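Before I ask anything, here is the structure I am working with.
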Amino acid sequence: MSAAMLIEALAEHRRRSFEESGQERHTSFNSPFRTHTDLHSGRRGRYSLMLRNRIYYGLKPFVPQFLRTAIRRKLAVRLRKQIGDVWPIMPGSERAPENWPGWPENKEFALVLTHDVESKAGLGRCRSLMELERDLGFCSSFNFIPEGTYRVPVELRQELTANGFEVGIHDLKHDGHLFSSRRRFTRHAARINAYAREWGASGFRSGFMLRNLDWLHDLDVQYDASTFDTDPFEPQPQGRHTIFPFWVPNPNGESIRYQRPTINSSSSGYVELPYTLPQDFTLFVLLQEKTPEIWMRKLDWIAQHGGMALVDVHPDYLCFDNAIATSREYPVDHYRSFLNYVNQRYNGAFWNTTPRQVAQFCARVTQDIAS
């Protein structure tokens with residue numbers, strides 16, 4: 001009964017979400033450094049989304065993982081046939097912000113590598129992933145779940161930061177309920193902030209990319225990374241339609257010029273860093289792509305327009321050491337091939353740094369424009 005209910009709820013969710021996304025797909029936003037209201041900020045849309053997600057995430061623990069994956073694959077393949085005009089490239093999202101000064105050191109584009117660690121298995125692969133990137137000359141951020149199914153060793157966090165990598169916060173419990181109510185979010189935000197202080201974290205990304213950008217001002221962070229330019233496969237599929245970061249000011253009208261620049265505070269506003277390359281889970285687990293060609297094609301397009309190529313790669317789904325990949329894993333060579341492609345084709349042309357550094361740069365740009 002639970003499986004049947006899940007299939008019905010998810011199918012209806014996907015159908016309605018795609019229709020809503022289709023209504024928004026031709027919307028053109030102003031400069032990414034100006035206010036962007038959430039597409040679900042309306043009361044009716046917000047409560048409709050909450051209800052659909054509550055049904056799905058309420059049923060999720062009672063349905064075997066292999067069945068959930070099979071359902072998602074079937075729905076993803078069906079959806080892919082309908083979205084060729086907006087995924088993986090959303091026309092119009094290449095427009096640069098007003099008064100955009102370009103990236104530091106006259107780099108053509110920014111490359112931001114991020115990792116959400118969702119399980120104990122993923123936690124055990126973090127060092128291997130760090131070493132792979134470090135050996136190829138890259139740095140990235142690792143986002144950990146504070147109260148998930150694993151505990152993050154202090155030694156691992158210290159080793160990552162000592163090697164020039166970043167540690168961020170990934171949701172609180174990663175159960176799909178963080179945004180189920182305003183009261184719940186306020187209560188959980190206090191705990192997230194405590195972990196951010198303990199870990200020295202500047203950034204946040206929610207589980208399943210669920211979000212309410214106005215509520216995120218409760219978090220003491222410099223940036224959020226829970227949005228995307230276009231990704232109709234997500235539970236909250238409305239994209240931001242830009243391949244550039246943007247500033248999210250506090251709804252009460254406070255200006256960035258009043259923000260204290262030395263603390264991780266979003267009381268005045270924060271930088272939003274949308275991911276602009278498809279998630280690895282979508283490409284290699286749901287759509288079962290056999291090469292990183294889609295990543296490369298999208299990267300070329302972003303580089304052509306001087307945007308930000310931000311990708312979310314989960315160590316949970318990487319298969320290391322020539323092991324046989326499970327149905328929810330893919331060979332690490334896919335990711336290695338992508339990084340080699342970046343180095344070979346764009347050597348010296350891209351700015352690879354941590355999300356924290358990108359957010360600080362964009363906050364300074366925003367302040368300069370506002371002054």
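The values are calculated or read from the model by the stated rules, or taken from the named source; none is laboratory data. It should be emphasised that the depicted structure is a prediction, and the values quoted were computed from it without experimental measurement. Every residue, glycine among them, receives a Cβ derived from its backbone with ideal geometry; neighbour counts consider all protein chains shown. Remember, those area values only see protein heavy atoms, side chains included, never the ligands or the DNA or RNA. Shrake-Rupley method; radii C 1.70, N 1.55, O 1.52, S 1.80 Å.
Just to verify a result, which residue in the range 322-359, among those that are aromatic (F, W, Y) and touching a strand residue (DSSP E or B) at 6+ places or on another chain (Cβ under 6 Å), is nearest to F204 (Cα to Cα)?
Applying the filter and picking the extreme gives W351.
Scan the range 180-204 for residues that are in contact with a Phe, Trp or Tyr (Cβ under 9 Å, 6 or more places away or on another chain), under 18 Å from S226 (Cα atoms), open to solvent by less than 40 Å² (accessible area, probe 1.4 Å) and not small (G, A, S) and report the count.
3
Can you pull out every residue in the range 98-132 that is touching a Ser or Thr at 6+ places or on another chain (Cβ under 9 Å) and open to solvent by 60 Å² or more (accessible area, probe 1.4 Å)?
E98, N99, K120
Ok, one more. Given S327, S337, which one is surrounded by fewer than 17 Cβ atoms within 10 Å (Cβ to Cβ) and at pLDDT below 95?
One residue alone meets the criteria, S327.
Given the residues R95, R80, R73, which is the only one that is open to solvent by 90 Å² or more (accessible area, probe 1.4 Å) and either within 24 Å of Y341 (Cβ to Cβ) or not polar (S, T, N, Q) (or both)?
Only one candidate qualifies: R95.
Could you pull out the residue among L111, L49 that is in contact with a Phe, Trp or Tyr (Cβ under 6 Å, 6 or more places away or on another chain) and either within 29 Å of F185 (Cβ to Cβ) or at pLDDT 60 or above (or both)?
L111
Mind listing just one residue for me: the one in the range 208-230 that is open to solvent by 10 Å² or more (accessible area, probe 1.4 Å) and assigned to a helix (DSSP H, G or I) and, of those, nearest to S268 (Cα to Cα)?
Residue satisfying both the conditions and the ranking: H217.
Between residues in the range 94-123 that are closer than 18 Å to N347 by Cα and residues that are surrounded by 17 or more Cβ atoms within 10 Å (Cβ to Cβ) and charged (D, E, K, R), which pairs lie under 8 Å by C-beta distance while being six or more apart or on different chains?
Here the result reads L113/E133, each pair linking the range 94-123 to a residue that is surrounded by 17 or more Cβ atoms within 10 Å (Cβ to Cβ) and charged (D, E, K, R).
Also: Quick one: which helices (runs of 4 or more DSSP H) lie wholly within the range 117-207 and hold at least 1 residues that are among the polar types (S, T, N, Q)?
Per the criteria, 126-135, 154-162, 182-199.
A quick yes/no check of all residues on (1) more than 30 Å from P249 (Cβ to Cβ); (2) among the hydrophobic types (A, V, I, L, M, F, W, C); (3) out of contact with any strand residue (DSSP E or B) (no Cβ under 7 Å at 6 or more places or on another chain); (4) free of Cβ contacts under 8 Å to residues at least 60 places away in the same chain:
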{"position": "A309", "(1), (2), (3), (4)": "no, yes, no, no"}
{"position": "V313", "(1), (2), (3), (4)": "yes, yes, no, no"}
{"position": "F320", "(1), (2), (3), (4)": "yes, yes, yes, no"}
{"position": "F361", "(1), (2), (3), (4)": "no, yes, yes, no"}
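Next question, about the same structure. Is there any pair with a first residue in the range 281-294 that is assigned to a loop (DSSP other than H, G, I, E, B) and a second that is small (G, A, S) whose Cβ atoms are under 8 Å apart and which are 6 or more apart or on different chains, and what are they?
Listed pairs, sorted by first residue: L287/A76; T291/S337; P292/S337.
From the set of residues in the range 143-156 that are in contact with a strand residue (DSSP E or B) (Cβ under 7 Å, 6 or more places away or on another chain) and without any contact (Cβ under 8 Å) to a residue 60 or more places away in the chain, which is surrounded by the fewest Cβ atoms within 10 Å (Cβ to Cβ)?
V152
Taking the range 349-367 as the search range and keeping residues that are within 21 Å of R134 (Cβ to Cβ) and open to solvent by less than 50 Å² (accessible area, probe 1.4 Å), which one is nearest to the chain's Cα centre (by Cα)?
For the range 349-367, the residue satisfying everything is P355.
Just one of G306, G269 is on the phi > 0 side of the Ramachandran plot and open to solvent by 10 Å² or more (accessible area, probe 1.4 Å); which is it?
G306
Working only within the range 309-324, note down all residues that are among the acidic types (D, E) and open to solvent by less than 30 Å² (accessible area, probe 1.4 Å).
Residues satisfying the conditions are D312, D316.
It is to be established whether one or more residues within the range 231-239 are open to solvent by less than 40 Å² (accessible area, probe 1.4 Å) and under 18 Å from V152 (Cβ atoms).
Scanning the range 231-239 turns up no residue that is open to solvent by less than 40 Å² (accessible area, probe 1.4 Å) and under 18 Å from V152 (Cβ atoms).
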